[in-house]
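Enquirer: Dropping the structure in here first, questions after.
The values are calculated or read from the model by the stated rules, or taken from the named source; none is laboratory data. On a predicted model such as this, the values are computed, not experimentally measured, just so you know. Here the Cβ positions follow ideal geometry from the backbone for every residue, glycine too, while neighbour counts run over all protein chains shown.
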Amino acid sequence: MVTQSALTKTTLGTRSGRPVGPRDTRGYRVFTWVNGTLLVLLCAAMLYPFVTVLAQSFSSAGAVKAGLVNLWPVGFNLDTYGAVIQNSHFWSSYRNTVVYTLVGTAIAMALTTPYAYVLAKQHLRGRTVLIGIAVATMFFNGGLIPNYVLISTLGMTNTMWALVLPGAISVFNLLVMKSFFENLPRELEEAAQIDGLGWFGIFGRIVLPLSKAVVATMVLFYSVAIWNDWFPAFLYLDKQELFPVTLFLRNLIAGASSAASEGAAAAGSTTEAISANIQAVTMVLTLVPILCVYPFVQRYFVSGVMLGSVKG
């Protein structure tokens, strides 16, 4: 009778007195090397623009204008950072963005989470219709002018609500959370019902504590989207004191700031000395909060998306 170890050695061969597994084959090593090389190149391609902007933010205006800055600062300079930090318009825009992000994310989660939980119930009457209505909005919308007329008619122009309410529910996020809730064991809810909990109690005390991964993922999705979005503010806000920081940055990039621009005026220096790298400085300062928050949420990211995307 041939033992299992002998069969393994016969089938896979041996190396240094031990069985050779699939990971010891040449094909696996080649795949690992190629895969690692491609991932390193992909990461380098993604990091290159950010590193370049970071180097430009610490470089002199002349070096940036001459195109001498690549991956390392040329003519180290902190004057532009000082100009932006002393700019009251920049910090008011920063404060507005933080408020819009916190309020918008809270509203979005308060609407998306219960909506997704309800749609996950197979016995819900009209469930198919509700899902169809949500999915239809991914492909059809009223258009730019009707949306503007609607926001104006509701009196939400020049208010925070014009930025946080129209896009409060992302259908993609809704469907991901719906799939996640469908995968939760029904036995937990049935046991909670036997113990006397109602649907609100089940949702708040059973479902949400088990959904930390997908909730953290959706919070990340919503907060990043709201933080980076400038177009609704461009449409619905006319008062500069209400601008988010992304619209402030957009105006700099678009050349809307001239000799009387926010950065140059606050610094008390010439436009030429500031305009060359003020855009890079503003971009870096705009990205800092997201870069600080992301590492704490990233561990939930993969598990949250996968749990909400795989059925069975």
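Enquirer: Would you pick out the residues in segment 67-92 that are among the polar types (S, T, N, Q), part of a loop (DSSP other than H, G, I, E, B) and over 16 Å from Thr246 (Cα atoms)?
Expert: The answer is Asn70, Asn77, Gln86.
Enquirer: Also, I was wondering about something else. Taking segment 265-281, which residues are among the polar types (S, T, N, Q), crowded, with 18+ Cβ neighbours inside 10 Å and either at pLDDT 80 or above or not in a helix (DSSP H, G or I) (or both)?
Expert: Once the filter is applied, which keeps residues that are among the polar types (S, T, N, Q), crowded, with 18+ Cβ neighbours inside 10 Å and either at pLDDT 80 or above or not in a helix (DSSP H, G or I) (or both), segment 265-281 yields only Asn277.
Enquirer: Do you know which residues across segment 155-178 are over 20 Å from the mean Cα position of the chain (by Cα) and in a helix (DSSP H, G or I)?
Expert: Correct list: Trp161, Ala162.
Enquirer: Kindly evaluate Thr153 against the criterion of being under 27 Å from Asn228 (Cβ atoms), assigned by TED's automatic domain parsing to the domain that holds Ala216 and among the hydroxyl-bearing types (Ser, Thr, Tyr).
Expert: It is false that Thr153 is under 27 Å from Asn228 (Cβ atoms), assigned by TED's automatic domain parsing to the domain that holds Ala216 and among the hydroxyl-bearing types (Ser, Thr, Tyr).
Enquirer: Would you point out which residue out of Leu154, Leu163, Leu150, Leu175 is surrounded by fewer than 14 Cβ atoms within 10 Å (Cβ to Cβ) and in contact with a Gly (Cβ under 9 Å, 6 or more places away or on another chain)?
Expert: Step by step, each of Leu154, Leu163, Leu150, Leu175 is checked, and only Leu150 is surrounded by fewer than 14 Cβ atoms within 10 Å (Cβ to Cβ) and in contact with a Gly (Cβ under 9 Å, 6 or more places away or on another chain).
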